[in-house]
Amino acid sequence: ERWLTKHDLKVADPSYYQQLVGSLVHASTFTRPDIAFTVKELSKHLLAHDISHLNAAKRCFRYLNGTKRLGLFAAKTHQIVIEVFCDSNWASDPLTRRSTNGFVVLMNGLPTFYFSKDTKSILLSSCEAELFVLFLRVSGSLDTLNSFWSNFKLVEHDYRFVVYSDSMSAIALCQSEAGTSPQ
């Protein structure tokens with residue numbers, strides 16, 4: 001069950017809620033990826049929201065205020081390991097039956113890129129939803145990140161990608177396509 005539901009009511013002046021969510025979008029894009037999912041959900045209700053949506057946005061600000069002293073620190077290493085964790089939840093939206101998928105890229109344990117999006121089409125199984133995020137989302141984004149890191153000389157050529165998924169069926173299909181045996 002979704003924690004925020006869509007409403008048909010129209011708010012006379014939605015500008016206050018829109019300003020709150022806009023500030024959260026800015027924070028989630030540049031400094032706080034930990035609130036990205038919450039901001040995505042809040043953004044769906046910019047024109048039609050009620051007090052529960054406003055309270056959720058204010059709660060997100062309280063969370064940011066309470067965690068502002070937390071941070072990530074990187075240690076200098078000679079080998080760069082780039083890990084990608086991807087996941088998809090099949091038909092998570094009860095109204096549209098669309099899936100949400102996303103991934104996070106960690107460089108030596110620190111998040112450097114993340115992506116989360118609802119699919120435009122209805123997927124038929126959880127395996128298909130996992131394959132969708134593995135093939136379309138991750139492969140295209142890793143190509144873009146690879147060229148970005150190479151152009152700015154952020155990463156030398158001595159690195160490897162490790163992609164993780166929690167779907168055994170998607171992993172087995174990927175390994176069978178690659179000609180390796182599932183482990």
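The values are calculated or read from the model by the stated rules, or taken from the named source; none is laboratory data. If you're wondering where the values come from, they're calculated on a predicted model, not measured in any experiment. Note that each Cβ is placed from the backbone with ideal geometry, even for glycine, and that neighbours are counted across all protein chains shown. Accessible surface areas use protein heavy atoms only, side chains included; no ligands, DNA or RNA. Shrake-Rupley method; radii C 1.70, N 1.55, O 1.52, S 1.80 Å.
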Being more than 19 Å from the chain's Cα centre (by Cα) and of a type in the set (Val, Ile, Thr) narrows Thr119, Thr100, Thr96, Thr144 down to just Thr96
Is the stretch 49-72 home to any residue that is open to solvent by 100 Å² or more (accessible area, probe 1.4 Å), touching a strand residue (DSSP E or B) at 6+ places or on another chain (Cβ under 8 Å), assigned to a loop (DSSP other than H, G, I, E, B) and closer than 24 Å to Met107 by Cα?
yes
Of the residues in the stretch 161-183 that are modelled with pLDDT under 70 and open to solvent by 100 Å² or more (accessible area, probe 1.4 Å), the one that is farthest from Phe132 (Cα to Cα) is Gln183
Condition set out of contact with any Asp or Glu (no Cβ under 7 Å at 6 or more places or on another chain) and at pLDDT 75 or above, scope the stretch 81-98, selection surrounded by the most Cβ atoms within 10 Å (Cβ to Cβ): answer is Cys86
